[in-house]
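**Student:** For reference, the structure I am asking about is given below.
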Amino acid sequence: MNTAIYLTIFLFLFNFFFFFANLSSHIFGGDSAEYATVLTSWGIAHPPGYPLFSLLGNFFTSVLPFPNLYHKASFISFLFSMLTSIILFYFLTNLKINLFVSFFAVVFYLTLLPIWIYGIVPEVFSLAIFLIILQMHSLFKLKETKRNIWIFIFFFTIGLSFGHHHLFLFYFPAYLYFFLKNKFFLDIIKKNFKKNLFFLILGLSVYIYIPITVYLNKVIDYENVLTLEGFFRLITRASYGTFKAHAYVSDSFLNRLYDVFSLFVFYLHDFKLLGIFLIFFGFFYLFGKNKFLFWFFSLSYFPIIFFFFYANFSVAGSFSLATYERFLYFFYFSSIFFFAFGLQAIFKVIKKIEAFSNKKIILQIAYFCFLLLTINLIYTNIKKNLPVIKFIKNTTAFENYANYLMNIPKKKSIVFLHGDNNVFLTRHFQDIYGKNKQSVFLTPFFLQKEHLKKWILNRYTKKPFFPKNSSEITDLQEFIEENYRRGFLIFSDKPYQFGKWVPYRLLWLYYPDEIKFNKEKKEILKINYDFFKKYKFIKLTDAEKNIIFLKNLEDVYAEKITNFVDFFILNNDENEKITMEKTFQIMDNVFYNFENNYFFNRKYLVYSVKYNQCFPNTKKAAKFLENYFGKTARDFLLLAGYFNDCEKNEKKSEVFFNKFLKLGGKNDYSLENIR
């Protein structure tokens, strides 16, 4: 066997031991939770539906003999990650990049954290990139061989990409440039027009899966795809905005620039300075050596940056940041070509040393340094990221969170949920495991669509009442008030502006007014107090916080704890001393788990200053807030209060108070306002 075959076998083994052996054993967060449901129920996902992914994934989960459900659902991510790496290796070698350089570049690509994470959990990205690398490879093989089979593969995979992930359209500028620079290919396309059209339509035909499975399996259907308008809205993601982060994205130009800047922050985190240097070195090397490849790969790279600019993610919150991170999959794929050419450029420099120097020792040192450089890059990533991957494989954090959310009375209930984690996790455990069937889980979006209301009524035995009106849209307040009157308990993961909403474990419970709530106040306080006293929820290391969906869970738990503390202080009828003691019992119980969480530390310090208490954990919270990068004006005021009351350090207290004033605090605002 030749060297390329041996390296291909090593690539397979790397994928097997680092990806397959670490397939997630439990549910993961974000869209992955929905995909785990879709791939085990012949369902469809949110727009654009991902029919190719759903069809292939359900086939694999049906035939694979694995006992673990999530190993089956994650297999599709591993499979296409492995196939992508192998095709990428051969693609790079066909571009005249050294075999070993190509191998090291591909292995480094596999160790990048987003590539690794979304290769071991149910996700759509590895299949999307597999189709894109196949398209690129087929174009260059067409140029090399002039055989029609490659243009047929190109059009077939274009059709499949339309039936999967729309971001492949951002690679069209590169494809268009390829054809314009090789105009005789346009003649090949014209001569085989009918066959090309056939293969394109054959790829697109995967969309037939969606209306068929909706009709036969009665799965959730976001856009009413059995109508032509609904089908069109699904494939264009009309409810979201085709290439926007979400439907309600802001139009802030500064936020768009920050999104682009954040790409390079992630670059630094995952590629390191050396990797960034190699990417830029690869840019300049290609520009000087091969203008065609330079422009082809540049037109595969810069449109992805434009996507992040246009999509306008809000990266301020941990959940939005986690969503943003998922799409780095495309950016890192587009970057790896310049990275590989950067390595190749250094390798060429060493070859020149070989040509001009007779001293073997110099050459051996040069090759050793090059090998050390590449292995160090890979080793550093594996050392840093493997513990994170192992944690994902075994963590039950998202499963626990879903169980906490669904821990409500076994009475007929309606639960309004917002955000992918809450919606997709609860639906998964209700659909796949039949958990909490007496409760109706829905989002306010369901009230806007007549076909989704019908789906709810057909799905649940405890049927909610949808008030009739002249519009298809049901008024949220009217719906909640009417169903409360009909005996439903109403919960939500966030409070609305009408009625009385009180914390109920990790949710909010609705009452129409204060009078109704006061009748059950003692019971509600006890349920919450016992719940938050019993559980510690989650404890993440700094490395585990690199899993941003898990960091989001930590933030959610911290928010729920602090919501309850606020509620408890306002509503507990015991004297102030007992209320204060119970407040700090709750917060001290979980302090170790949240000692590095901004929201939790801030609230701990708020109540320490409010009650003029200086506990050991007060000092820890103050130290955390003092070192926290994103302090607000009020944070400086809290620190001023702490150093005044606990440390008796008037000078430092004055420094923080002056910073509070500089950031817009009012002159007449004193520490007593906190208390």
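The values are calculated or read from the model by the stated rules, or taken from the named source; none is laboratory data. Quick caveat, the model's predicted, so the values are computed rather than measured. A quick note on method: Cβ atoms are made from the backbone with ideal geometry, for glycine too, and the neighbour counts reach across all protein chains shown. These area figures cover heavy atoms from the full protein model, side chains too; ligands, DNA and RNA do not enter into them. Shrake-Rupley method; radii C 1.70, N 1.55, O 1.52, S 1.80 Å.
**Student:** What number of residues within segment 563-576 satisfy the criterion of being in a helix (DSSP H, G or I) and more than 15 Å from Ser608 (Cβ to Cβ)?
**Tutor:** 6
**Student:** Pairs, please: C-beta under 7 Å, at least 6 apart or cross-chain, first residue closer than 14 Å to Phe156 by Cβ and surrounded by 14 or more Cβ atoms within 10 Å (Cβ to Cβ) and in segment 180-196, second hydrophobic (A, V, I, L, M, F, W, C) and at pLDDT below 90?
**Tutor:** Asn196/Ile189
**Student:** Next up: For the structure I just gave you, tell me whether Lys522 is more than 26 Å from Asn421 (Cβ to Cβ) and surrounded by fewer than 16 Cβ atoms within 10 Å (Cβ to Cβ).
**Tutor:** yes
**Student:** If the requirement is being open to solvent by 60 Å² or more (accessible area, probe 1.4 Å), of a type outside the set (Asp, Glu) and in contact (Cβ under 8 Å) with a residue 24 or more places away in the chain, which of these qualifies: Ile515, Ile490, Ile473, Ile480?
**Tutor:** Result: Ile473 is the single residue among Ile515, Ile490, Ile473, Ile480 that is open to solvent by 60 Å² or more (accessible area, probe 1.4 Å), of a type outside the set (Asp, Glu) and in contact (Cβ under 8 Å) with a residue 24 or more places away in the chain.
**Student:** Of Ser314, Ser318, Ser262, Ser300, which residue is in contact (Cβ under 8 Å) with a residue 40 or more places away in the chain, among the small types (Gly, Ala, Ser) and over 30 Å from Ala558 (Cβ atoms)?
**Tutor:** Matching residue, one of Ser314, Ser318, Ser262, Ser300: Ser300.
**Student:** Another question, if that's okay. What single numbered condition from (1) closer than 27 Å to Gly630 by Cα; (2) at pLDDT below 95; (3) open to solvent by less than 10 Å² (accessible area, probe 1.4 Å) fails to hold for Tyr557?
**Tutor:** With (1) closer than 27 Å to Gly630 by Cα; (2) at pLDDT below 95; (3) open to solvent by less than 10 Å² (accessible area, probe 1.4 Å) applied to Tyr557, the lone miss is (2).
**Student:** I'm checking my understanding of the structure. Among residues of segment 137-168 that are more than 26 Å from Leu56 (Cα to Cα), assigned to a helix (DSSP H, G or I) and not aromatic (Phe, Trp, Tyr), which one is most open to solvent (accessible area, probe 1.4 Å)?
**Tutor:** The qualifying residue most open to solvent (accessible area, probe 1.4 Å) is Glu144.
**Student:** May I pose another question? Among the candidates Val107, Val121, which residue alone is crowded, with 22+ Cβ neighbours inside 10 Å, of a type outside the set (Ser, Thr, Tyr), assigned to a helix (DSSP H, G or I) and in contact with a helix residue (DSSP H, G or I) (Cβ under 6 Å, 6 or more places away or on another chain)?
**Tutor:** Only one candidate passes the filter, namely Val107.
**Student:** Can you tell which of Ile408, Ile414, Ile456 is open to solvent by less than 20 Å² (accessible area, probe 1.4 Å), in contact (Cβ under 8 Å) with a residue 60 or more places away in the chain and not in a loop (DSSP other than H, G, I, E, B)?
**Tutor:** Ile414
**Student:** Within the group Tyr258, Tyr207, which residue is of a type in the set (Phe, Trp, Tyr) and either in contact with a strand residue (DSSP E or B) (Cβ under 9 Å, 6 or more places away or on another chain) or open to solvent by less than 40 Å² (accessible area, probe 1.4 Å) (or both)?
**Tutor:** Of Tyr258, Tyr207, the one residue that is of a type in the set (Phe, Trp, Tyr) and either in contact with a strand residue (DSSP E or B) (Cβ under 9 Å, 6 or more places away or on another chain) or open to solvent by less than 40 Å² (accessible area, probe 1.4 Å) (or both) is Tyr207.
**Student:** Taking the condition of a type in the set (Ser, Thr, Tyr), at pLDDT below 95, open to solvent by less than 10 Å² (accessible area, probe 1.4 Å) and at negative phi, does Tyr310 pass?
**Tutor:** Judged against the criteria, Tyr310 is not a match.
**Student:** Then there is this: Which ones in segment 79-101 are open to solvent by 10 Å² or more (accessible area, probe 1.4 Å), part of a helix (DSSP H, G or I) and among the hydrophobic types (A, V, I, L, M, F, W, C)?
**Tutor:** Leu79, Phe80, Met82, Leu83, Ile86, Ile87, Leu99, Phe100
**Student:** Within segment 47-61, how many residues are open to solvent by less than 10 Å² (accessible area, probe 1.4 Å) and in contact with a helix residue (DSSP H, G or I) (Cβ under 7 Å, 6 or more places away or on another chain)?
**Tutor:** Qualifying residue count for the region: 7.
**Student:** Look through segment 645-675, keep the residues that are within 25 Å of Pro616 (Cα to Cα) and among the hydroxyl-bearing types (Ser, Thr, Tyr), and return whichever of them is modelled with the highest pLDDT.
**Tutor:** If we take residues in segment 645-675 being within 25 Å of Pro616 (Cα to Cα) and among the hydroxyl-bearing types (Ser, Thr, Tyr), then Ser653 is modelled with the highest pLDDT.
**Student:** A further question on this structure: Within segment 1-28, take every residue that is among the polar types (S, T, N, Q) and open to solvent by 30 Å² or more (accessible area, probe 1.4 Å) and give me the one that is modelled with the lowest pLDDT.
**Tutor:** Asn2
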